[in-house]
1. Of the residues that make up the range 42-57, is at least one under 15 Å from residue 112 (Cα atoms) and among the polar types (S, T, N, Q)?
2. Among the numbered criteria (1) in a helix (DSSP H, G or I); (2) surrounded by fewer than 23 Cβ atoms within 10 Å (Cβ to Cβ), which single criterion is violated by residue 94?
3. Go through (1) aliphatic (A, V, I, L, M); (2) touching a strand residue (DSSP E or B) at 6+ places or on another chain (Cβ under 9 Å); (3) modelled with pLDDT of 95 or more for residue 106 and report which single condition fails.
4. Find the residue count for the range 74-91, including only residues that are assigned to a helix (DSSP H, G or I) and over 21 Å from residue 134 (Cβ atoms).
5. Looking at the range 134-154, can you tell me whether even one residue there is touching a Gly at 6+ places or on another chain (Cβ under 9 Å), within 20 Å of residue 67 (Cα to Cα) and at pLDDT 90 or above?
6. Condition check: without any contact (Cβ under 8 Å) to a residue 40 or more places away in the chain, farther than 15 Å from residue 41 by Cα and assigned to a helix (DSSP H, G or I). Does residue 61 satisfy that?
7. State whether the residues of the range 124-133 include one that is modelled with pLDDT of 95 or more, over 17 Å from the mean Cα position of the chain (by Cα), loosely packed, with under 15 Cβ neighbours inside 10 Å and not in a loop (DSSP other than H, G, I, E, B).
8. Against the condition assigned by TED's automatic domain parsing to the domain that holds residue 139, touching a Lys or Arg at 6+ places or on another chain (Cβ under 9 Å) and over 24 Å from residue 133 (Cα atoms), how does residue 39 come out, does it pass?
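The values are calculated or read from the model by the stated rules, or taken from the named source; none is laboratory data. Predicted model, so just to flag it, every value in this text is computed and none were measured. Quick reminder, even Gly has a Cβ in these numbers, built from the backbone with ideal geometry, and neighbours come from all protein chains shown.
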Amino acid sequence: MKARLLAGALLLLLAPAAALAPVAALADGDPASDVLLSQDVFFPYTQISPQLERQLYATSAQARRSGYPIKVALIASPADLGVVPALFGKPQAYARFLSAELAGVVRVPVLVVMPAGVGLAVQGQGRGQGGLAQIKPSGAGADALASAAMTAIPRLATAAGRPLPARLTSSGEGASSTTLRRALIEMLGLALLAGVGIGTALLARSRRQRFGRRPDSAVTS
């Protein structure tokens, strides 16, 4: 009798968790919704060039600084959609789905870029695309999607009255400057290491010469 009562109590305790398990599984089944909770860009599983990755990060960061924060999802294949692969090729439908998944936490526009085109939504509702209908990636790869997103973000920011600095809308200037600064820092670091190495070698040589003469001086005295 006690065993039955204990088993019944355990089932009552586990029932809410069992009911929530499918919901949690569905939430984790959409990769972009998980990533965009903590960062502004979701990249597809296909490879992207480091330069374009840095450029897109820089563009989205500048949009945020300019007063137009936006979340961006690059979708290169159905595998990037998790449990909703049927929405591949339907950027506007997926933009509404994704922004609805993020609703309550993310209140900014959500931009979706697929090989078929671009979609935009906020809190599950479609938004005027501000000339996005003319934007279509030049290919299905991640690089083409990133380039299309970097074209779309400044247009959207300008339409919202928050234009981005012109230098970021040009091709690669921000990324080139970052690369140059990084190269200079690396060269300076190597020069410092080389200087330390040379100094250490000279100091060791000086000590060897000094200590090497002591026995001779002791004998002559």
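1. No, every residue in the range 42-57 fails to be under 15 Å from residue 112 (Cα atoms) and among the polar types (S, T, N, Q).
2. Of (1) in a helix (DSSP H, G or I); (2) surrounded by fewer than 23 Cβ atoms within 10 Å (Cβ to Cβ), only one is false for residue 94: (2).
3. The failed condition is (3).
4. Number satisfying all stated conditions: 7.
5. yes
6. When the stated conditions are applied, residue 61 does not pass them.
7. The answer is no, given that none of the residues of the range 124-133 is modelled with pLDDT of 95 or more, over 17 Å from the mean Cα position of the chain (by Cα), loosely packed, with under 15 Cβ neighbours inside 10 Å and not in a loop (DSSP other than H, G, I, E, B).
8. yes
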